Amino acid sequence: MTLVPFPLPVPSIDNQYWFDKCKEHVLVLQQCKLCDQFNHPPRPNCAYCGSSNLHWIESTGRGTIYTFTVTRQPVSRPLLGRIPWVVVEVELNEGVHMISNLIDFQDEDLQIGMTVQVVFEQVDDDITLPKFELVA
Amino acid sequence: MTAKNNIKDKAAIIGIGETNYNRESGRSELEMAVEAAEKAISDAGLTSSDIDGILKFTADSTPQGELAACLGIPYLRYYGELGPLGGAACGLVIQAAMAVANGMANNVMVFRSVNGRSGARYGSGVVTTRRGQGTSAFTEPYGLLVPGQSSAMRARRHMHEFGTKMEDFGGVALAFRKHACLNPKAIMYGRPITMDDYLDSKVFFDPLRIFDCALEADGANAFIISSADSTFSSSEPPVFIMGAGQCLPAGVGDRGGNWDENGASRLAPELFASAGVKPEDIDVVGFYDHFSPVIITKLEDYGFCNRGEGGPFVSDGRIELGGQLPVNTSGGHLSEAYLQGMNQIIEVVRQLRHQSYAQVDNAELGLVDSGDGSGALILRR
């Protein structure tokens, strides 16, 4: 059975570079050159000080599960074949939070605080998404 | 930074109107809006020619001009709208209050009309998804599609940090269902539930169950705001806007856990300061309860209990009629109907008029909020 896809990201000028780097299997984050804060998702200015002097750094790709939910009701009928699916909020070691999915895990094992590492999943020729796996 | 908020006692809600609530209205949203509007005008002791301003939810399909046309109003002196999605109700009252206080209009109507069950449903993602555009490019591709999932993630975090239990969320659902069983207008009137029913119910977005989710409904609400120095022609007492505040948290993802950001804790100090009252002065509350865990965090955010104590607070009947702080006495979004914060305002007005089906004795002061704390009001009779 073919799974109905979730909406694919539509990259914009503000975040195209981030998606381009995902295709190279590199997770990047914006860091402010003025106040050193990390920003995510990408935007033209720093959310902490307003500076436009941002540069890209390569993330460790490592973090912990901040929280998660297991969706057991399909939301809409076409997504019935997808249930249950797990959405995680990962707190990266750099401090920013990202929404993502886990690969290769058992629902019942999941706990807040577990260590995770980024992996990349190619969706099509244009889009590769960062996902996470549990680190033993 | 902290400009003085001078909203206190400048304006009053002088008329309220609502259609019945159901799961399949068979009517257009415009037709329902007209019914609620006509009832609010009549309740205010006005005629439609007295209405010179209309404010709408951005999400509402009914344009202000169409509603005006159906009411026989030739033009509006004042109009506006507020988004996003469901969190607009209190903010629109604030806009209306500022307009009438400054003579931009005499009588402003705020309305909401939605076939939220038989039409496009919030819980299906039809209303809320942006198909991966903008910041949604960082959420929707992972299947984070509807507000219930975000609320579930916050709820799990609260359980983790403070030991909040499933039964605490159930306590919220049971309290509001009990209130709905006193309210013949509530969709869940006559359908009581027990904690066993709650714990046995279907899990939607783990840890949230079906009974934790707002009851998508068809219906319309309207109310009319006038300047506090108007000559009131209604037999009903005006309900004054005593305090108000809004908050739009900036950004998502950074600032450590900002996916979880909730405006309530930030607007609360201004809300109470503008009214000149404290949480313990409030007699009745109308919280926007799209999901039951938000009641627990809002009790903390507005200072009715300490951070992390919202779970224990809702146990042993404290938020029920007769308890220390009755919340959502009409049944709220969980058990009356989900009219995006509008029916909470109507119920608190009714409480302050001493006309609720679940009347709080001598209710003088009410607090009502919208969304995740996007706006809030303190109302007094």
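One table, with the values for the structure above:
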quantity	calculated
A:HIS55, sole failed condition from (1) more than 30 Å from A:ILE112 (Cβ to Cβ); (2) touching a residue at least 24 places away in the same chain (Cβ under 8 Å); (3) at the interface with chain B (Cβ under 10 Å from one of its Cβ atoms)	(3)
Residue check, B:MET32 in contact with a Lys or Arg (Cβ under 9 Å, 6 or more places away or on another chain) and modelled with pLDDT of 95 or more	no
Which numbered condition A:LYS23 misses (of (1) away from every other protein chain (no Cβ under 12 Å); (2) among the charged types (D, E, K, R); (3) closer than 25 Å to B:ASP206 by Cβ)	(3)
All positions within the range B:66-94 that are β-branched (Val, Ile, Thr) and touching a residue at least 60 places away in the same chain (Cβ under 8 Å)	B:VAL93, B:ILE94
Cβ pairs under 7 Å, 6+ apart, first in the range B:205-218 and farther than 10 Å from B:ILE187 by Cα and within 12 Å of chain A (Cβ to nearest Cβ), second assigned to a strand (DSSP E or B) and hydrophobic (A, V, I, L, M, F, W, C)	B:ASP206/A:VAL70; B:LEU208/B:PHE291; B:ARG209/B:VAL203; B:ILE210/B:PHE204; B:ASP212/B:PHE291; B:CYS213/B:PHE204; B:CYS213/B:PHE291
Verdict on B:ALA152 being crowded, with 24+ Cβ neighbours inside 10 Å, facing chain A (nearest Cβ under 8 Å) and assigned to a helix (DSSP H, G or I)	yes
Qualifying helices (runs of 4 or more DSSP H) (wholly inside the range B:272-344; at least 3 residues being free of Cβ contacts under 8 Å to residues at least 12 places away in the same chain and of a type in the set (Gly, Ala, Ser))	none
Count - residues of the range B:51-69 that are crowded, with 17+ Cβ neighbours inside 10 Å and assigned to a helix (DSSP H, G or I)	3
Matching residues in the range B:180-211 - criterion: being charged (D, E, K, R) and farther than 29 Å from B:ALA33 by Cβ	B:ASP196, B:ASP197, B:ASP200, B:LYS202, B:ASP206, B:ARG209
Selection status of B:MET104, more than 8 Å from chain A (Cβ to nearest Cβ), closer than 22 Å to B:GLN340 by Cβ and either touching a Phe, Trp or Tyr at 6+ places or on another chain (Cβ under 8 Å) or at pLDDT 95 or above (or both)	no
Failed item in (1) farther than 21 Å from A:LYS131 by Cβ; (2) free of Cβ contacts under 8 Å to residues at least 12 places away in the same chain, with A:GLN16 passing the rest	(1)
From A:GLN31, A:GLN117, A:GLN111, residue being within 13 Å of chain B (Cβ to nearest Cβ), part of a strand (DSSP E or B), out of contact with any Ser or Thr (no Cβ under 6 Å at 6 or more places or on another chain) and modelled with pLDDT of 95 or more	A:GLN31
Residue, farthest from B:SER25 (Cα to Cα), within the range B:316-345, restricted to residues that are surrounded by fewer than 24 Cβ atoms within 10 Å (Cβ to Cβ) and among the hydrophobic types (A, V, I, L, M, F, W, C)	B:LEU325
Filter result for B:PHE223 (among the hydrophobic types (A, V, I, L, M, F, W, C), at pLDDT below 95 and under 30 Å from B:ILE41 (Cβ atoms))	no
Check on A:ARG72, facing chain B (nearest Cβ under 7 Å) and charged (D, E, K, R)	yes
Number of positions in the range B:363-379 that are in contact with a His (Cβ under 9 Å, 6 or more places away or on another chain) and hydrophobic (A, V, I, L, M, F, W, C)	1
Search result, residues across the range B:279-298 that are among the small types (Gly, Ala, Ser) and within 13 Å of the chain's Cα centre (by Cα)	B:GLY286
Filter result (under 15 Å from B:SER335 (Cα atoms) and in contact with a Gly (Cβ under 7 Å, 6 or more places away or on another chain)) within the range B:197-219	B:TYR198, B:CYS213, B:GLU216, B:ALA217, B:ASP218
Failed criterion for A:LEU3 (all others in (1) among the aliphatic types (A, V, I, L, M); (2) in contact with a strand residue (DSSP E or B) (Cβ under 7 Å, 6 or more places away or on another chain); (3) more than 10 Å from chain B (Cβ to nearest Cβ); (4) part of a loop (DSSP other than H, G, I, E, B) hold)	(2)
Failed item in (1) touching a residue at least 12 places away in the same chain (Cβ under 8 Å); (2) facing chain B (nearest Cβ under 10 Å), with A:LEU134 passing the rest	(2)
Among the candidates A:ASP20, A:ASP14, residue that is within 15 Å of B:THR135 (Cα to Cα) and not aliphatic (A, V, I, L, M)	A:ASP14
Residues satisfying the stated conditions in the range A:76-91, i.e. within 10 Å of chain B (Cβ to nearest Cβ) and under 18 Å from A:LEU29 (Cα atoms)	A:GLU89, A:GLU91
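For every residue, the table says whether it meets (1) part of a loop (DSSP other than H, G, I, E, B); (2) buried (at least 16 other Cβ atoms within 10 Å of the Cβ); (3) not hydrophobic (A, V, I, L, M, F, W, C).
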position: A:SER51; (1), (2), (3): yes, no, yes
position: A:HIS55; (1), (2), (3): no, no, yes
position: A:PRO78; (1), (2), (3): no, no, yes
position: A:GLY81; (1), (2), (3): no, no, yes
position: A:VAL87; (1), (2), (3): no, yes, no
position: A:GLU94; (1), (2), (3): yes, yes, yes
position: A:ILE99; (1), (2), (3): no, yes, no
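The values are calculated or read from the model by the stated rules, or taken from the named source; none is laboratory data. As the structure is a prediction and not an experimental result, all values here were calculated from the model. All Cβ positions, even for glycine, are placed from backbone atoms using ideal geometry, and neighbour counts span all protein chains on display.
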